[in-house]
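Scroll down for the structure; my scribbles are underneath it.
The values are calculated or read from the model by the stated rules, or taken from the named source; none is laboratory data. Quick caveat: nothing in here was measured; it's all calculated off a predicted structure. Cβ: placed from backbone, ideal geometry, glycine included. Neighbour counts: every protein chain shown.
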Amino acid sequence: MAYQEEYSAATEDPQTFWKQQASKIAWFKAPETILSHDENGIARWFADGELNTCYLAVDRHVELGLGEQVAIIYDSPVTGKKGKITFLQLQQQVSLFAGVLAKNGVAKGDRVVIYMPMIPEAVVAMLACARLGAIHSVVFGGFSASELAVRIDDASPKVVVSASCGIEVNRVIEYKPMVDEAINLATHSVERVVVLQRPECKASLQEGRDLDWQTAVQDAEPQTCTSVKATDPLYILYTSGTTGKPKGVVRDNGGHAVALNYSMKTIYNMSPGEVFWAASDVGWVVGHSYIVYGPLIYGCTTLVYEGKPVRTPDAGAFWRVVDEYKVNALFAAPTAFRAVRKEDPDANALANYSLDSLRCIFMAGERLDPPTYEWTTEKTGKPVVDHWWQTETGWAICANPTGLEALPVKAGSSTVPVPGFDVQILDSQGQRLGPNEQGAIAIKLPLPPSCLPTVWGDHERFVDGYLTTYPGYYCSGDGGYIDDDGYLFIMGRTDDVINVAGHRLSTGEMEEVLASHHAVAECSVIGVHDALKGEVPIGLTLLKDGINIDEEELQKELVAMIRKEIGPLACLKRSIIVPRLPKTRSGKILRKLLRQIADGQEVNIPSTIDDPSCVTEIQQVMNQRGLVKNS
Ligand code: COA
Ligand code: AMP
């Protein structure tokens, strides 16, 4: 009943509900206006409130006498380093680094791009921006220089903060040459680059532009927290859409802090002082919300882990970290557990560690397939919660609200809508569908606090991409159904976004890269099922007339182009040459049909197809190349 009561309260009287939640964080000026609409007609939360997110995450705990509590645990199996940072130490580090940024011209509203590996300094840089009221935009280290350049041009930062290198399994990846290349590629000119030199690799610094982090903090002036409006942006985080250009999701300060603070108890059932571990990366929304802001605002200890679930050094890595730091809640992508299961199917490594501290395992980022759910539950003996969310919302839309009431689990479902989200299933005309009927998943407006109010620099894209398809609703881009008990089942994206190892990628963007190859006349990239990564992209290419190139040679070149233009995380490893691509009469490539063929599913040939004979032809080619599941 606790869940139903809370859900009804949030739905029936959102203003009273969120006012109450807002009273649980410390404001510089408490909001009187709870829900209002901005000049674009978009719902905004706490518009007249003022606060500082860094204050909430750091200084407040020091003021409350918790300065000696550990704020960050750092564990890096790839370098062998481990460490702990208390809230007091974090306050000192953040205020000094904010001094570095301020001295280099960063003030409220300015943008700072952060391109860093999973080290505590990445968190320090984010919090330092928040302290000044500046807007950070973190770019995941697995993205290439070109992707970084696109984000630099869109966010137009004054400063880029980076490190000399990141460390992957047995491999040092130099970041600084990529930063230099990105700055050269970008048209926006960056005034300063601050580089953290790591012992594993020393970056060369450009005289007059680049600063060494350690030297710069030595004579920095510590900064206090700048008061910002609740609706001022805290960060921009780029995510993949259907086109090649990533979308800059804007997150405001006030709604974000209130929603995350609420989620720490309601969804994750945490208490202040406990240890929360999101085994993700600060480059993703999960990292923003649950490595950095959520746990710290709520007064938990967070864990910054620079490693993988496997191979650093083995499949016992997660269990070791849980045991060593007495982790209370673990949050990771299903792909991480699939990787552990693949290397240690019987979970033998668990015998070496105790999971006694762990209450629950949370998974998100992609669909939690029932076999992975069952394996994890059985081997760990812990409840496993699947929850569904997006970069756009910043926190879970559907979850098992374990802090209110742990509802019975249904494998394959992300359970029920979180209080504040009115989730509906709509047909193509925007009509509500009934239980068990599959359609587009939409959220009735207004969206609750923390959800994006716009796309950075392109409000029209926000309106067109999310609000126009179903007037009065936010269109999530996911499809699925709600069963008789109100449980939501996500069946996958309805657009051209794919999910590779929990990373959201655009097939449209990959197609743009493949199409730029001199031999390629037309192409299509589709996501096909992969036992480890959930989905992986494959490329289908049509050669230009008169061009003769070996399929393997072309594949090698295309794979290299994707790595260079997008980054290794795109994981495009296969491409084939096809004689034709199935299209509609209006010339649209039938990607869904291609996916059905690759996944060995029943193929539904749409009536709009231009030439049905193309289907058998492409089926044969894909079969020959071993690209049809079970073929
Ligand atoms: N910097 C540079 N390169 C990176 C990188 C980073 N931060 N992160 C990944 N890469 C590279 C990898 O080295 C790899 O390169 P390779 O093709 O040369 O081997 C490539 O990008 C793909 O990386 P990844 O998808 O991580 O594959 P993997 O084989 O190294 O590891 C898993 C597989 C399943 C262990 C890993 O994907 C994983 O832990 N996934 C969890 C994902 C996650 O946390 N998602 C966040 C959402 S909650
Ligand atoms: P991102 O914005 O990178 O977090 O990716 C969001 C997308 O990942 C969603 O739109 C879904 O397609 C997918 N996703 C995230 N969590 C889940 C989940 N629990 N179940 C199914 N799909 C999910």
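Brief remarks follow.
This table checks each residue for (1) closer than 22 Å to residue 126 by Cβ; (2) in the same structural domain as residue 125 (by TED's automatic domain parsing); (3) free of Cβ contacts under 8 Å to residues at least 12 places away in the same chain.
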residue: 14; (1), (2), (3): no, yes, no
residue: 23; (1), (2), (3): no, yes, yes
residue: 29; (1), (2), (3): no, yes, no
residue: 37; (1), (2), (3): no, yes, yes
residue: 43; (1), (2), (3): no, yes, no
residue: 47; (1), (2), (3): no, yes, no
residue: 53; (1), (2), (3): yes, yes, no
residue: 61; (1), (2), (3): yes, yes, no
residue: 75; (1), (2), (3): yes, yes, no
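- Flag for residue 84 being more than 23 Å from residue 237 (Cβ to Cβ), within 26 Å of the chain's Cα centre (by Cα) and at pLDDT 95 or above: yes
Residue by residue, here is whether (1) free of Cβ contacts under 8 Å to residues at least 40 places away in the same chain; (2) within 13 Å of ligand 2 (Cβ to nearest atom); (3) among the aliphatic types (A, V, I, L, M); (4) part of a loop (DSSP other than H, G, I, E, B) holds:
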{"site": "336", "(1), (2), (3), (4)": "no, no, yes, no"}
{"site": "377", "(1), (2), (3), (4)": "yes, no, no, no"}
{"site": "382", "(1), (2), (3), (4)": "yes, no, no, yes"}
{"site": "393", "(1), (2), (3), (4)": "no, yes, no, yes"}
{"site": "424", "(1), (2), (3), (4)": "no, no, no, no"}
{"site": "436", "(1), (2), (3), (4)": "no, no, no, yes"}
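- Test: residue in the stretch 572-586 that is more than 27 Å from the chain's Cα centre (by Cα), surrounded by 13 or more Cβ atoms within 10 Å (Cβ to Cβ), without any contact (Cβ under 8 Å) to a residue 40 or more places away in the chain and in a helix (DSSP H, G or I): no
- Counting the residues of the stretch 602-619 that are surrounded by 13 or more Cβ atoms within 10 Å (Cβ to Cβ) and either over 35 Å from the mean Cα position of the chain (by Cα) or farther than 24 Å from residue 552 by Cβ (or both) gives 7.
- Where strands (runs of 3 or more DSSP E) sit wholly within the stretch 443-501, those with at least 2 residues that are over 26 Å from residue 154 (Cα atoms) and touching a residue at least 40 places away in the same chain (Cβ under 8 Å) occupy 473-482, 488-493.
- Residue match in the stretch 556-563 (condition: away from ligand 1 (no atom under 15 Å from the Cβ), modelled with pLDDT of 95 or more and outside the structural domain of residue 412 (by TED's automatic domain parsing)): yes
- Scanning the stretch 439-495 for residues that are surrounded by fewer than 21 Cβ atoms within 10 Å (Cβ to Cβ) and within 16 Å of ligand 1 (Cβ to nearest atom) yields 478, 493.
Residues are listed down the side, and each one gets a yes or a no for (1) surrounded by fewer than 17 Cβ atoms within 10 Å (Cβ to Cβ); (2) acidic (Asp, Glu); (3) over 24 Å from the mean Cα position of the chain (by Cα):
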{"residue": "354", "(1), (2), (3)": "yes, no, yes"}
{"residue": "362", "(1), (2), (3)": "no, no, no"}
{"residue": "366", "(1), (2), (3)": "no, yes, no"}
{"residue": "374", "(1), (2), (3)": "yes, yes, yes"}
{"residue": "377", "(1), (2), (3)": "yes, no, yes"}
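Results for (1) touching a helix residue (DSSP H, G or I) at 6+ places or on another chain (Cβ under 6 Å); (2) within 16 Å of ligand 2 (Cβ to nearest atom); (3) farther than 20 Å from residue 506 by Cα, shown as yes or no for each residue.
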| position | (1), (2), (3) |
| --- | --- |
| 568 | no, no, no |
| 571 | no, yes, no |
| 578 | yes, no, yes |
| 589 | no, no, no |
| 592 | no, yes, no |
| 595 | no, yes, no |
| 599 | no, no, no |
| 606 | no, no, yes |
| 610 | no, no, yes |
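- Residues located in the stretch 140-194, provided they are more than 25 Å from residue 454 (Cβ to Cβ), within 16 Å of ligand 1 (Cβ to nearest atom) and in a strand (DSSP E or B): 162, 163, 165, 166, 167, 168, 171, 172, 173, 174
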